Amino acid sequence: MKIRSRRRSNRERIYRELFRKTPVMMHSIDRQGRLLEVSNQWLKTLGYTRHEVIGTPLVRFFSHDSRQRAEESVLPLFFRQGYVRDVPYQMITKSGEPIDVLISAVAERDRHGRVARSMAGIVDITAHKKMDEEIQRLAHYDHLTGQPNRLLFHDRLKQALAQAHREHRKVGVVFIDLDRFKWVNDTLGHAMGDKLLQIVAQRLTECVRDCDTVARVGGDEFVIILYGFDTASEPTIFAKRFLQVLAQPAKLNGKEFYSTVSIGVAIYPLDGEDDETLLRNADIAMYAAKEMGRNNFQFYSAEMNIQAKEKLDLETRLRRAIENNELSLAYQPQLNLTTGQIAGVEALLRWHDPEVGMIPPSQFIPVAEETGLIIPLGEWVLKTACSQAKEWQKRGFSPARLAVNVSSLQFKRIDFVEMVEAVLKETGLDPGFLEIELTESIIMEDVKDAIMTLADLKVRGIHLAIDDFGTGYSSLIYLKHFPFDRIKIAQEFVQAIARDRDQEAIVEAIIFMASSLELNVIAEGVETKAQLDFLRKRKCQDMQGFYFSHPIEALAWNPRFEESLARKGSSLISRHVQ
């Protein structure tokens, strides 16, 4: 008995030493939530000695909010089910500094089935969270004026509309465009143009109330959300005030400069009940103001709605195009920035109308989504692209991953996974050669369902990528829950490389973040040597853009083209290595 007791004592001592010396934050608590043991890294991170913490309730080291949540919900859940995973908390160091952590724990039960103690591991995500917050700041605010950008504007307008609906109030959307701004840039230079934009933003901000929002949504475009009117004349009063204030001279490079603006106004709920409609109608009204001679404001009216008729005409043409097989696919190669080899191809939809010529996807895809035509169209794209990829493999071309974009309507269909599986079976393409691209907004519409659908695709061997990353939520907290393989940096950020330091910072942050999550990164829209150099130095894995290859028709992809593409890829990489 003494020998057995001595052995058990030795094992416990060895276990305690291992526990303490493990290079991560770990702790163990008893059934009352008091600390039984902590690792040295736990003590080092929080700044305490072991004597100060053993026997102390764990929640004493939490912030007030985290302590309350732990005591009211998490700890009772843990003691009931016996484990928790990646629970976010904020802990407080001895010096009073907050750190953000994720805690995972498993319980050890006694012979009566009661929790005797726990074993918990802690991950310090403070740096990641700060980086995430910085990405959010850069992604939601205009770097030049400090005002909300288009993304944040839409979020605020949606909130304002929801509140106005509950309170039965009106909301004004005021679209402001600077007249002759291109002339300012071309004549006085971009620096003076930037200065003028800053002056305009400041003056507009001084004109509105605390409940209103001034956003810069484009180069020389500002949109203002006016919340809640007491009288019908208030939008007119504001519009006149904006014209008057912005007509005042601005000092540029020591000289006075006079500028004017054109203003369009749309009112909720009269001119639209959602953010997109109101912004579109305010934009239409603004162009009407320009046509009226500039330096004036116009309210939206039904007579201005020419665009709606054009959209209806486009829908009719699109339906006919689908029936007459006027749509086709082009394929844009993707380059691996380490090997110089083709990393994959992206299938891109093209429409050549016999009457008007090429119609860009940005013009007809939204119509297809609004009308539901995107469902049969999307299936046709997937089937055609997979068939072509399989045909290339049969002809002996180097197998490459095929990227296909998927719309929100497609992804949310109950039979989406089954449809993809059926297409792969019909075409004979191995799932490992298919990559589904989704935007952040699609997966964030319904996170729970999105995770399930993505998991279904993933277990079938299909690769998954986030398209246009950086323009949506771009959140570490959410991203780590999704089974993605690759992030595609939005081309608007890539094309700003070497021209905009703030945009470069976003690209750097995305690449670093992806690396920490073990995700590959592809940059879209690479068009210059400077952009390629920047990406390679920051260890971006893949690129896609005109600097490597334009999209090509399937028939043009022949052995001679593939050989020239391989030579160009090798040449680009070897040239940029030097």
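None of the figures in this text is laboratory data; all of them are computed from the coordinates on show. Everything numeric in this text was worked out from a predicted model, so none of it was measured. A quick note on method: Cβ atoms are made from the backbone with ideal geometry, for glycine too, and the neighbour counts reach across all protein chains shown.
Between the stretch 73-91 and the stretch 407-428, the alpha-carbon centres lie 37 Å apart. Here the chain is treated with +1 on each Lys and Arg Cβ and -1 on each Asp and Glu Cβ, and its dipole about the Cα centre works out to around 3620 debye.
Counting 0.36 nm for each residue step from ARG111 to ALA162 and taking away their Cα separation leaves a gain of 12.9 nm. Think of the chain as having a plus end and a minus end, set by charges on the Cβ of Lys, Arg, Asp and Glu; of GLN363, MET452, MET26, MET26 sits farthest toward the positive end of this dipole.
Does anything in the stretch 535-559 have its amide N under 13 Å from the 7 Å Cα→Cβ label point of THR339, and if so which residues? What the label zone holds, given the 13 Å backbone N cut-off, is 542. Semi-axis lengths, largest first, of the ellipsoid equivalent to the stretch 462-548 are 21, 13, 11 Å, with √(5λ) applied to each eigenvalue of the Cα gyration tensor. Bridging of LYS170 to aspartates and glutamates at a Cα separation below 15 Å is possible for ASP212, ASP230, GLU234, ASP271, GLU273, ASP274, ASP275, once same-chain residues fewer than 8 apart are set aside. Straight-line reach from LYS255: taking Cα to Cα under 20 Å and skipping same-chain neighbours fewer than 8 places apart, the aspartates and glutamates in range are ASP179, ASP186, ASP194. Quick check on the stretch 85-160: what does the Kirkwood estimate of hydrodynamic radius come out to from the alpha carbon pairs, in Å? Computed over Cα pairs of the stretch 85-160, the Kirkwood hydrodynamic radius comes out at 16.0 Å.
If only the Cβ of Lys and Arg carry +1 and only the Cβ of Asp and Glu carry -1, the dipole of the stretch 178-328 around its Cα centre is close to 660 debye.
Each label was represented as a point 7 Å from its Cα along the Cα-to-Cβ direction; for ARG85 and ARG169 these points are 4.5 nm apart. Provide the FRET efficiency to the nearest 0.05 for the SER63-ARG560 pair, computing r from the beta carbons and using R0 = 45 Å. After rounding to 0.05, the efficiency reads 0.10. Think of the chain as having a plus end and a minus end, set by charges on the Cβ of Lys, Arg, Asp and Glu; of LEU438, LEU373, VAL87, VAL87 sits farthest toward the positive end of this dipole. Can you find, among LEU243, GLY254, ILE284, the residue sitting farthest towards the positive end of the charge dipole of the stretch 197-344, where Lys and Arg contribute +1 and Asp and Glu -1 at Cβ? Of LEU243, GLY254, ILE284, it is GLY254. Take 416-423, 563-570 and order them by the average number of nearby Cβ atoms within 10 Å per residue, most first; the result is 416-423, 563-570.
The length gained by stretching the chain between ALA127 and ARG567 to full extension, at 0.36 nm per residue less their Cα-Cα distance, is 154.2 nm.
Close amide H pairs (under 5 Å, H built 1.01 Å from N) link GLN341 with ASN336, residues at least 5 positions away or on another chain. Bridge orientation summary for the chain: considering DSSP beta bridges with both residues in this region, about 70 percent are antiparallel. At full extension, ASP449 and LYS251 could sit 65.8 nm farther apart than now, given 0.36 nm per residue minus the alpha carbon distance.
A simple charge model with +1 on the Cβ of Lys and Arg, -1 on the Cβ of Asp and Glu and nothing else charged puts the dipole of the stretch 61-111 at about 200 debye relative to its Cα centre. Projecting label points 7 angstrom from Cα along Cα→Cβ for ILE414 and GLU553 puts them 4.2 nm apart.
Note the listed values [x] 1.04; [y] 0.97; [z] 1.70, then indicate which one is Rg/Rh (Cα atoms, Kirkwood Rh) calculated from this particular structure. Checking each listed value against the structure points to [x].
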